[in-house]
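These notes are about the structure you will find just below.
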Amino acid sequence: MITMKKTVFPILLATIWISISEFIRNEFIVKSYWTGHYEKLGLVFPSEPINGAVWGIWSLCFAISIFIIAKKFSLLQTAILSWFVGFVLMWIVIWNMSVLPTRLLLFAVPLSILEAFLASFIIKKLTGSKE
């Protein structure tokens, strides 16, 4: 039961937060940036249900990563390191592939920092980690 409370539940709750945050940001705030950029490239922005499922898997993996990082670092360190690993590295890759609409970073950077911080906070609080 302690494993559920100190491991599974924090990861699950962080995954839910990350998924909601990603959905709101990408579906309501920056979708026009994505679709417009993809149109200019002669591509269709991928928004099939399978893409949503893959983002759900990404959210779970991100939450697991935060959980592991949180065991060794403070809340602020966990949030910063998690944000760098989860977002900055992804943006470098998609920029390198020419599919990153860089204007969306005006919204994505602060919102992703908030996402990583709150996911880190959820995990730290629910696992009882000390600063």
Original post:
By how many nm would the segment from residue 23 to residue 43 grow when fully extended, if each residue of separation counts as 0.36 nm and the alpha-carbon distance is taken off?
Top reply: 5.1 nm
**OP:** Report, to the nearest 10°, how far helix 9-24 tilts away from the longest principal axis of the Cα atoms in the chain, using its own Cα long axis and a range of 0 to 90°.
**Re:** 20 degrees
Original post:
Which value, in debye to the nearest 20, describes the size of the charge dipole of the range 1-94 about its Cα centre when Lys and Arg Cβ atoms bear +1, Asp and Glu Cβ atoms bear -1, and nothing else is charged?
Top reply: 420 debye
Original post:
How fast does the range 34-104 diffuse by Stokes-Einstein, in µm²/s, taking the Kirkwood radius from C-alpha pairs at 10 °C and 1.306 mPa s?
Top reply: 114 µm²/s
Original post:
Can you list the HN-Hα couplings for the range 110-121, worked out from phi with the Karplus curve (6.51, -1.76, 1.60; θ = phi - 60°), rounded to whole Hz and with x for Gly and Pro?
Top reply: x, 5, 6, 5, 4, 4, 5, 5, 5, 5, 5, 4
Original post:
Looking at the chain, how many pairs of lysines come closer than 28 Å at the Cα, when each pair is eight or more places apart or spans two chains?
Top reply: 17
Original post:
Around residue 110, with a cut-off of 15 angstrom between Cβ atoms, what is the net charge of the other residues, counting Lys and Arg +1 and Asp and Glu -1?
Top reply: 0
Subject >> Cβ crowding within 10 Å averaged over residues, with 101-109, 42-50 ranked highest first >> reply: 101-109, 42-50
Original post:
Mean residue ellipticity at 222 nm from the helices of the chain, using -39,500 (n - 2.57) per DSSP H segment of n ≥ 4 over the full residue count, to the nearest 500 deg cm²/dmol?
Top reply: -22000 deg cm²/dmol
**OP:** Place a label point 7 angstrom from the Cα of residue 13 along the Cα-to-Cβ direction, then list the residues of the range 101-123 whose backbone nitrogen is under 17 Å away.
**Re:** 115-123
Subject >> Cα centroid of the range 84-120 to Cα centroid of the range 23-77, whole Å >> reply: 9 Å
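Laboratory data are not the source of any read-out in this text; all were calculated from the coordinates shown. Please read these numbers as outputs of a predicted model, since none were measured by experiment. We place every Cβ from the backbone using ideal geometry, glycine too, and count neighbours over all the protein chains shown.
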